[in-house]
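The values are calculated or read from the model by the stated rules, or taken from the named source; none is laboratory data. None of these values were measured; they are calculated from a predicted model. FYI the Cβ positions are ideal-geometry reconstructions off the backbone, even for glycines, and counts take in every protein chain you see.
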């Protein structure tokens with residue numbers, strides 16, 4: 001099996017955080033049968049398990065490279081290219097670059113002149129540009145290649161290519177003989193027992209142990225297992241020898257393989273974290289290389305945004321402080337920040353949610369009295385009952401996922417907590433427990449096992465909430481269908497009168513960026529970055545209910561049923577007696593619209609709010625505290641209601657609740 005990374009594939013592919021294979025199998029017998037006519041090749045510099053994400057945008061910025069013949073967005077070329085290496089440094093003074101190979105065909109890819117392509121990040125977007133390879137030669141001492149590109153003749157020009165991935169057309173992959181496979185073609189395959197056709201797991205990696213090749217298979221945790229979110233708990237991992245006696249059948253078109261494992265292989269071969277010292281070191285090294293690549297890419301984006309002052313902290317402090325700064329830099333949502341800054345430059349006309357509601361079509365509005373939702377009220381009209389039953393059917397059949405937003409304010413308690421002087425954790429406990437234990441207010445207990453739940457909250461609350469859920473048996477939700485995600489934050493920037501269009505990211509300390517929550521619209525970007533919507537889609541979810549935890553009533557049966565009956569993209573529930581408060585929201589999106597929404601982040605409308613934030617800055621090589629006497633910095637906020645900018649009013653329905 002030969003390795004070249006598929007560019008833009010949604011499947012798993014080899015990259016730098018791959019899990020090291022064990023030195024020996026935990027199996028009572030040695031498996032040495034050859035796999036006839038099958039050969040596995042691997043990346044010369046193995047890179048990690050990785051899911052590629054690309055962001056679609058409407059404008060294509062030009063790169064500062066004279067060798068470019070065409071530039072397109074990476075999201076428009078999914079599946080068309082194969083990664084063969086990455087440029088990691090400049091070589092000499094004549095514009096040459098050094099490349100680490102990620103292909104089994106380095107001679108073919110790097111020594112033969114001709115067209116190649118580069119994948120580069122430009123202002124946070126992955127772009128593809130064509131470039132002409134003039135010549136290449138091996139660099140044995142460094143196990144790398146030295147390449148020369150057309151019209152790249154200076155150090156400055158070559159430096160702009162550092163961090164880029166080198167690509168070739170997928171159609172140019174060498175044709176393999178029968179029984180030979182590329183590594184990425186096996187990763188992601190479903191694994192079935194040949195005798196019973198029982199699904200046992202998925203191939204997540206491939207490893208060359210020397211004597212034979214090993215498939216790293218993630219077993220299903222149970223028969224009702226769901227697709228795993230990246231970084232979440234998963235099923236046990238086993239090593240399966242890639243030999244004909246154990247893997248007799250592979251169907252590339254169906255993405256399936258049949259296995260006939262010896263008795264006890266799948267049980268005895270399960271490893272806990274029993275890696276040898278050498279294996280742990282290898283894994284740590286791969287993790288460091290992956291982190292370094294991410295940091296280089298993030299620093300390059302911030303440099304393009306003229307935010308180099310953020311890097312000053314790397315010259316001071318302890319190692320853990322510098323590491324913390326590196327993590328902060330990598331985590332900055334530069335795409336969202338640039339969009340918010342762009343909104344700041346445009347004369348701001350506040351989008352009016354009440355005006356939007358008034359513009360909705362009458363036949364897309366369902367008016368109900370608040371008494372309708374009382375527990376005592378059981379008499380409904382036949383039409384309303386039908387709509388509510390339709391919503392309940394969606395919930396009970398697992399076609400609805402709930403996104404519950406618990407901001408810091410809501411965790412600290414408002415009108416629902418009568419004693420605000422209580423300690424933070426006790427207040428949070430009372431609020432969340434009161435919300436989740438109330439079947440009338442959120443969701444009926446009997447329906448919860450089938451409903452995925454995503455809790456979006458401040459970073460400092462995640463571990464506490466996880467423990468709270470564990471202590472209370474996940475409040476009847478299925479533990480494998482509960483996720484905890486950190487709320488979206490954006491850096492606070494300066495508001496300089498002298499340089500109106502130049503805004504510096506402010507620092508809370510030399511090693512910490514000053515950030516604030518981006519508002520409820522940040523939920524959309526959080527779901528996008530975690531690739532969670534795709535997982536929910538695979539699970540059969542048809543609707544996403546997004547709601548704040550500070551409402552008196554957020555049960556979504558009626559809203560879901562009405563949205564379904566009107567075939568709308570979005571549904572909104574409002575209470576007239578409390579007004580249109582942006583921090584109180586209960587919205588339903590169809591899964592298809594939500595997935596499209598994540599690709600239209602530029603439609604979100606941000607408000608720049610002037611605030612007097614304290615920060616630090618370097619003055620003549622000294623860090624000084626700045627305590628402004630008046631508002632001198634901008635915090636960015638966007639309401640989830642601005643997502644409706646992407647949806648015509650005819651495709652939005654409203655459940656209007658009056659006193």
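Quick rundown of the values:
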| read-out | value |
| --- | --- |
| Residues located in the stretch 174-189, provided they are touching a residue at least 12 places away in the same chain (Cβ under 8 Å) and out of contact with any strand residue (DSSP E or B) (no Cβ under 6 Å at 6 or more places or on another chain) | 174, 176, 177, 178, 179, 180, 181, 185, 188 |
| Answer residue from the stretch 611-648, given it is within 15 Å of residue 360 (Cα to Cα) and surrounded by fewer than 16 Cβ atoms within 10 Å (Cβ to Cβ) and is farthest from the chain's Cα centre (by Cα) among those | 648 |
| Cβ pairs under 6 Å, 6+ apart, first in the stretch 385-402 and closer than 19 Å to residue 570 by Cβ, second surrounded by fewer than 17 Cβ atoms within 10 Å (Cβ to Cβ) and at pLDDT below 95 | 387/565 |
| In the stretch 117-141, the residues that are more than 27 Å from residue 332 (Cα to Cα) and touching a strand residue (DSSP E or B) at 6+ places or on another chain (Cβ under 7 Å) | 117, 130, 131, 132, 133, 134, 135, 136, 137, 138, 139 |
| Helices (runs of 4 or more DSSP H) contained entirely in the stretch 235-338, each with at least 1 residues that are touching a strand residue (DSSP E or B) at 6+ places or on another chain (Cβ under 6 Å) and modelled with pLDDT of 85 or more | 277-304, 319-331 |
| Residues satisfying the stated conditions in the stretch 204-227, i.e. under 20 Å from residue 532 (Cα atoms) and either modelled with pLDDT of 85 or more or buried (at least 17 other Cβ atoms within 10 Å of the Cβ) (or both) | 204, 218, 220, 226 |
| Residue list for the stretch 424-463, restricted to those being more than 13 Å from residue 556 (Cβ to Cβ), at pLDDT 70 or above and outside any helix (DSSP H, G or I) | 452, 454, 455, 456, 457, 458 |
| Hits in the stretch 618-649 (condition: assigned to a loop (DSSP other than H, G, I, E, B) and either without any contact (Cβ under 8 Å) to a residue 60 or more places away in the chain or out of contact with any helix residue (DSSP H, G or I) (no Cβ under 8 Å at 6 or more places or on another chain) (or both)) | 620, 621, 627, 628, 629, 630, 631, 632, 648 |
| Qualifying residue in the stretch 478-485 (condition: assigned by TED's automatic domain parsing to the domain that holds residue 540, at pLDDT 85 or above and over 23 Å from residue 539 (Cα atoms)) | no |
